[in-house]
Structure formats: C-alpha cells, structure tokens
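Have a look at the structure below before the remarks.
The values are calculated or read from the model by the stated rules, or taken from the named source; none is laboratory data. The model shown is predicted, which means the values in this text are computed figures rather than measured ones. Note that each Cβ is placed from the backbone with ideal geometry, even for glycine, and that neighbours are counted across all protein chains shown. To get the accessible areas, we keep the full protein, side chains included, count just its heavy atoms, and leave off ligands, DNA and RNA. Shrake-Rupley method; radii C 1.70, N 1.55, O 1.52, S 1.80 Å.
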Amino acid sequence: MIRLSWQRILLAGLIALHLAILSSHGTGWLDPLFHDAVYTEGRGVDFFSIYEGGARLRQGENAYDPSATGRTPYAYPYRYVPAFLPLAMAFTLLPAWTVYWLWAGVLEALLVANVVGTWRLARGPGPRLAATALWLLPAPYYLELYMGQFSLLMGTLIFWSGVAFSRGRGRAAGLAWAASLFVKSCTLLAVPGLWRLGRRRLVAGALLALLVLNAPYFLLMDGAWARFSEVNGGSFATVEVDHAHAGNLGFQALLRQAARYGEAYGAWHPAVADHALPLLWAAATGAVVTAVSLLQGRRDAVLTLALAVSGYFLMFRDVWEHQYVMLLAVCALLVLERPSLRRWAWWCGVALALPTPFLALEVLYGTGPDLPPDQGWPLAAVLAYHSVKAVPALALFCRVAWELRPVALARRSLRGLPEGLRAGGREPAVAPEPSGGVTEAAPPRDRAPDPGPWARRPEGRWDLADEEP
C-alpha cells in the first residue's frame, strides 16, 4: 500500500525518469539497451522514409520507390497510405534534420497532452498514477523519438477515441477513429466490432473516405500498389527479407523463431516456419477478432478498440519495439475506463514498457542476435528475448477477448452460481437454511458491500483499484 502523500512524489519520479530518457537523445547513453538504436541505419531513419516519400511526390515520382533521393542521409522505403503524402510533402519545405527535431518536439507535446489529460480524467489516485505511468515509462517511447515515428500519434488517436466512446461522445470518438485509419492500419480490425455496435454510418463513411483519398494514387501511379502491398505485409511468402530478426518483437516473430529451431533439427520443412505457420496464425487471429467482435456480449466500443489493436500485434508480420507505444495507449485507456481490467492492463503495460534483455544477451553471448541458430544466441535466449513483448500482448488480447465473449459463453460461465450472483449481486437474496430447517431472510444491508482488499483503506491509503466517490 502507498500513502496518498506519495502521489506527487511518484509523479515527480516518473517525470525525472522521463527527463533522463530525453537527455539520452543528446548523449546516446541509453542507445546500447535497444536493438533498433544499435542495428538500424541511424537516428530518424523512419522519419526520413516519410520525408523521402514527400520528396518523391514533389518531383512527380512514385513515393514507394525504394531508391534514395539524396535529400536524407538514409531512409527506409515509404510505407504509409497516399493520403499521408501531403503532410510528407510539407516536411520537405525544410531540411530533413531540422524537420526531424521539430517532429520530436511535436511528439513530446503530444505526450505531455496525454499525460495531463489522463491525470485530469482519472477517478481516484490509484488509476491516475497507474495510467499516467504507462505514458511515461521508457522503452517504446525512447525508440519512438529515436526513429522519428508516428506510433504515438496513432496511440493518441486510439486513446482519445476510446475515452470519447466511453463517455458518450460518439462524434468525437468516430472522428478520432477515422483519422487513425490514415496513420496506421491496425484500427481497421475494429470495423466488425463497430459495425456490430451500430456505428454503421461511421464505418461506411470512414471506409469510403479511405478509398476515395487513396485509390486514385494507386490507380494512376504505376507500381505503387504492388510496392505498398509488399512493404506492408501483403505477401507472407516473401523470402527476400528475414522477418524473424531481432528487431521484430511481434508474436509472429516468436512463432517463426520457435519453428526455425525445429527446422534446424529436421523436424519439418523450412516452408513451415517461413510461410505456412505465419499465414495460419494471422488467419486464425483475424478470425478470432472478427468472431468476437461480431458476437460480443458486452457491446463495448472501448474493448472493441482494445481487441483490434492487441490483435494487430499478434497477426502482423513486422512489429518493432516503438510500435508498442500504441498498445501502451490501449493499456492506459483500460486502466482509466474499465475497472474490471485495470490490474490486468496495468501489469501487461508495465511488461510492454520495460526494455528487453537485448544488451544483457549481447554481453553474455558475445554474438549478434540475427545469426543462424547454431552461431548466435541459444534457443532459450532467443525465445526469451522475443517473448518479453509478444507474451504480454497475447495476454492482453486473451483477457479482452474473454471480456467480450458472446452471451452464450457468458451464461455458461455463470452456471452453478447462486441466483443473486448471476444477476450481478454480491450474495444470494436468501441466507442458507440453519440446522432447524427454517429459512431466514438475509439481514438488510445498511452500507455498501465490502469491495475487498484492493480498495481504499480506512487509514487514507490507496492502491490501483481506488476511485473517487
């Protein structure tokens, strides 16, 4: 238990930790902790991919062409939707490094806005500190700034869309969700659930806008659609790129690494690890998301968003550590708005926010993480490394899916309980019969039921389950 007087002390500690993280972007003292800061091309490489796409659009060329324009020191291929290109083109009005640091400032402003908004909206000190901490804990956000990414923008849209849905502001929630479709693709998985919840005009309008604003570019620019599909996981049979590398921390990478050890010892054909298993897992996850969304018993837009985003981290073939900023936003949303999931979401979020054992494994084994199984890290180390983010993501997905389970399953889980508990009460309406066989009514309750050991204590102490009256 923690005393109320510690609330500001803990917040100050989180802010100090965040400032220490920011200081590393000038000195690089935290870089060795992260695979992406050691083995990628360099600082800002993801942001420069956006910049390169904008430069190509300005020159009338295919934005998805992977060759460099010379406007940036290095870059990956552009992979966002065409509707994102006008912003990318606006970036090219200034030198690449100048815009990168300006974008880092925008990301920090977004983070501060999310922290302030979360702090003000939370009901009680426990949820307030828990949700705020998930924004300020280090690992994914450090790489978000380092890579110059847009995952925090996506996480912000997801978070505020969920808050608006939860508090009855459907129009604002719909606008935030629709805007997220133009940044990254994971919220497309919420379409079946939102349709089930009766948001059909929202879904139809958002999908129509997505089509109208992107299809013309794909139709008019030769090769754009083929390249867009390739870089965004359109083919699970790609062999030119190793999608189980140490920078990939999604559940797909964990499955591939486990399957490749079986392949190395002749247990099955190589196609199992690289083609069949990823395709089957993605299809199964997509089917679960769709079925649970369409058959959900709770009719909950917040959990629908949480299911869609957590499902994305299980089924997409390339998941980088910085992208877990989006799932941390979902965890903060659940801590803030869904008390029944608060503790589960908090612990999953903490696991997602901490650094991986990358540095320790490199020091311990003295080899690179991407070498073949017989030359690099041992099996246990590889699986442990790939599990530290993938397993919490799976745990969150399963818990949310269970919370949204269809009505038939929910009723089955209540069988055998007393009638009063089935109806949502804390105890049956009638007390058990005494030894004499006379039924006595339960004494009337003149106070609220005891909420158990995870609520406010008489001494003024609090914990994660606290809420203000």
For GLY44, other-chain or 5+-apart residues with amide H closer than 5 Å (H placed, Pro excluded) are MET147, GLY148
Here the relative contact order (percent) of the range 9-148, from C-alpha pairs under 8 Å and at least 6 apart, is 32
In this structure, the FRET efficiency calculated for ASP222 and LEU279 from their beta-carbon separation, with R0 = 35 Å, to the nearest 0.05, is 0.80
Net charge near LEU341 (other residues with Cβ under 13 Å of its Cβ; Lys, Arg +1; Asp, Glu -1) is +2
Cα-Cα pairs in the range 287-343 separated by more than 19 Å, as a whole percent of all pairs, come to 33
About its Cα centre, the range 274-371 carries a charge dipole, from +1 on Lys and Arg Cβ atoms and -1 on Asp and Glu Cβ atoms, whose size in debye to the nearest 20 is 580
Net charge (Lys, Arg +1; Asp, Glu -1) of residues whose beta-carbon lies under 12 Å from that of GLY42, GLY42 excluded, is -3
Expressed in square angstrom to the nearest 10, the accessible area of MET326 with a 1.4 Å probe stands at 0
The range 1-106 -> Rg/Rh from Cα coords, Kirkwood Rh, value 1.15
Taking a ≥ b ≥ c as the square roots of the Cα gyration tensor eigenvalues, with a/c under 1.5 meaning rounded and otherwise prolate when a/b beats b/c or oblate if not, the range 53-129 comes out prolate
In whole Hz, the Karplus estimates of ³J(HN,Hα) for the range 378-387 (6.51, -1.76, 1.60; θ = phi - 60°; x where Gly or Pro) are x, 3, 4, 5, 4, 5, 5, 4, 6, 8
From the Cα centre of the range 333-366 to that of the range 1-75, the distance in Å is 19
